[in-house]
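Student: Below: one structure in structure tokens.
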Amino acid sequence: SMRLADALDVLAVDASTSREDAQRAFRKLALSHHPDRCPGDPEATARFQTLGEAWERVQKFHDHPRRWGAHADPEEEADANVPPPSSPGTSSKSAEFASFEELFT
């Protein structure tokens with residue numbers, strides 16, 4: 001199952017993003033990567049499924065943050081306890097997301 005940090009990366013949001021905004025991000029990405037919109041792209045289905053998995057993981061986190069926070073993920077990396085990036089990282093992520101969206105809309 002997908003780690004919270006990976007799910008947040010896939011959706012280009014972070015843990016402080018509201019559920020509504022995370023859902024909006026998921027819907028935009030899901031629309032642009034929907035296999036029907038990407039005929040001839042063999043990767044589209046895999047990307048679409050990955051987005052769905054990421055959204056499921058982020059929903060679990062929003063529904064039960066204490067139970068499904070990053071601590072619920074298996075520790076694969078030594079830096080699993082590193083705190084999430086501070087707000088400067090967040091702003092660059094949203095800027096990347098905007099430019100990513102411009103490519104696909």
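The values are calculated or read from the model by the stated rules, or taken from the named source; none is laboratory data. Every value quoted in this text rests on a predicted model; they were computed, and no experiment measured them. Every residue, glycine among them, receives a Cβ derived from its backbone with ideal geometry; neighbour counts consider all protein chains shown. Quick note on the areas: whole protein, heavy atoms, side chains included, nothing else; ligands and nucleic acids left out. Shrake-Rupley method; radii C 1.70, N 1.55, O 1.52, S 1.80 Å.
Student: Right, D79: out of contact with any Cys (no Cβ under 8 Å at 6 or more places or on another chain), surrounded by fewer than 16 Cβ atoms within 10 Å (Cβ to Cβ) and either modelled with pLDDT of 90 or more or among the β-branched types (V, I, T) (or both) or not?
Tutor: For D79, the condition - out of contact with any Cys (no Cβ under 8 Å at 6 or more places or on another chain), surrounded by fewer than 16 Cβ atoms within 10 Å (Cβ to Cβ) and either modelled with pLDDT of 90 or more or among the β-branched types (V, I, T) (or both) - is not met.
Student: For K60, are the conditions met, namely being open to solvent by 50 Å² or more (accessible area, probe 1.4 Å) and closer than 16 Å to M2 by Cα?
Tutor: Considered against the rule, which asks whether it is open to solvent by 50 Å² or more (accessible area, probe 1.4 Å) and closer than 16 Å to M2 by Cα, K60 comes out as yes.
Student: Starting from the stretch 55-67, take each residue that is in contact (Cβ under 8 Å) with a residue 60 or more places away in the chain and list its partners that are exposed (fewer than 14 other Cβ atoms within 10 Å of the Cβ), counting only C-beta distances under 7 angstrom and pairs at least six apart or across chains.
Tutor: none
Student: Filter the stretch 1-13 down to the residues that are open to solvent by 30 Å² or more (accessible area, probe 1.4 Å) and either part of a helix (DSSP H, G or I) or not aliphatic (A, V, I, L, M) (or both) and list them by number.
Tutor: Passing the criteria: S1, A5, D6, D9, V10.
Student: Applying the selection to the stretch 24-49, what residues are touching a residue at least 24 places away in the same chain (Cβ under 8 Å) and open to solvent by 80 Å² or more (accessible area, probe 1.4 Å)?
Tutor: Across the stretch 24-49, the qualifying residue is only K28.
Student: Scan the stretch 14-23 residue by residue and report those that are in a loop (DSSP other than H, G, I, E, B), more than 10 Å from the chain's Cα centre (by Cα) and either farther than 20 Å from H71 by Cβ or in contact (Cβ under 8 Å) with a residue 60 or more places away in the chain (or both).
Tutor: S16, S18
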